[in-house]
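First the structure, in the form of structure tokens, and then the observations on it.
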Amino acid sequence: PVVSLVILLIIIGLGVYLYKKSDGRPLYKVVSFFIFWFFIILFPTSSFIPIIDVIFEHRLYLPGLGVFVTAGTFLFITTEKVKDGWISSKRIIVTAGLGMVVVLSSAAYARNMVWEKDISLWEDVISKSLNKGRVHNNIGYAYFRAGYVDNAIKQYKIALRLGPNNVSAHNNLGIAYYEQKDFDKAISEYLYALKIKPDYARAHQNLGIVYSDQGRFDKAVGEYLLALKFKPDFIDAYNNLGLLYIDLKRYTDALRIFRTALDFKPDHSESYGNIGYIYLVQGKFTDAVKAYKNALQFAPDNIENYYNLGFSLEQAGRMDEAVKNYRIFAERAPPVYGPIIEELKLRIQKQR
């Protein structure tokens, strides 16, 4: 820290010196300005405002402009002092410029290789910050997304050894245990996270998922409602609670939940699709058609919506329109839908 402070003071002192010597030397003033530019741009997030990411590449993008302009200006100042004339100066500029291009291009290429995958990125971070719990939690999540659940669990446990109160790591470890069908351990991790942070909506939702899978529906509903209490715009919690209400045949409650979700996210196609299903079950085919059309409007690539809309139209007696949607479904559906497509063809032929 002392060495860093001394270097910073020297740079600031250089900026002051160049400004004082800038009379008749505009390049000195340019260098002075961009030295102070670097510190001024960084000042708001590197002084009195607390931030989580103290070291982050993108924080230097704008301040870095000062470094590059300063370096380039110094290069021109140096060439001005060359006595052999402009040809030699020009060679210096071109050679130095090409050198910087090669060095920076190589560095960018190497960095892109690190950023290519989440795992390689976080492995690089761990190599530089081995004892940071947050880093182990993040690489654990990267492993989990890539399907390496055992590796993820190992990293989450390291994160918790380094920071036992890391609620995100407890929650992520619970998700990993849930993936392995170890529900008791998953519940234990979620409850531990909630002991630390009782208003942690994600842990409440994940606890609700486990309880639902275990058939403990009342407790599941309670956890989903708590998740929504602490995070009223939590779309996933609305979706899971609504689907649970459907399973429990509490259709009125399910409709209320999905409509509330749409208040927060009007383009949430899944909510429209679930509303369409409820209307189909209730025999309200015209309403189901409207719901599935809305679902398709916001998710035109979801082929199941074409089938569901076609089925709703068929039930509503609008077979010509239904066939159009069935055909789109048949054209876009992957091979796994083969049996459904064959059954559709038979139904369409019978209608003819």
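The values are calculated or read from the model by the stated rules, or taken from the named source; none is laboratory data. None of these values were measured; they are calculated from a predicted model. Note that each Cβ is placed from the backbone with ideal geometry, even for glycine, and that neighbours are counted across all protein chains shown. Only protein heavy atoms, including side chains, enter the accessible area calculation; ligands, DNA and RNA are left aside. Shrake-Rupley method; radii C 1.70, N 1.55, O 1.52, S 1.80 Å.
On a 0 to 90 degree scale, rounded to 10, what angle separates helix 2-20 from the longest Cα axis of the chain?
It works out to around 60 degrees.
Using helices alone, what [θ] at 222 nm do you get for the chain, with -39,500 (n - 2.57) per DSSP H run of 4 or more residues, divided over all residues and rounded to the nearest 500?
Values: 18 runs with 270 residues, N = 352.
So the helix-based figure for the chain works out to -25000 deg cm²/dmol.
Which angle between 0 and 90 degrees, to the nearest 10, do you get for helix 251-264 versus the longest principal axis of the chain when only C-alpha atoms count?
With both axes taken from Cα atoms, the answer is about 20 degrees.
Not counting the cut sites, what is the longest span of the chain without chymotrypsin sites (Phe, Trp or Tyr not before Pro) that DSSP labels loop and that have at most 11 other Cβ atoms within 10 Å?
On the way: sites that count: 48, 56, 61.
By the stated rule (loop sites, at most 11 other Cβ atoms within 10 Å), 62-352.
Report which label in (i) 0.98; (ii) 1.11; (iii) 1.17 holds the value of Rg/Rh (Cα atoms, Kirkwood Rh) derived from the coordinates of this structure.
For Rg/Rh (Cα atoms, Kirkwood Rh), the calculated option is (iii).
Give the angle, between 0 and 90 degrees and rounded to the nearest 10, that separates the Cα long axis of helix 201-213 from the longest principal axis of the Cα atoms of the chain.
Rounded to the nearest ten degrees, it is 30.
Would you work out what percent of the accessible area of the chain, with all protein chains in place, is carbon or sulfur (probe 1.4 Å)?
Numbers: 12910 of 21530 Å².
Whole-percent figure for carbon plus sulfur exposure: 60.
Using the heavy atoms of the protein chains alone and a 1.4 angstrom probe, what is the accessible area of segment 192-247 per residue in square angstrom?
Numbers: 2550 Å² over 56 residues.
Dividing the accessible area of segment 192-247 by its residue count gives 46 Å².
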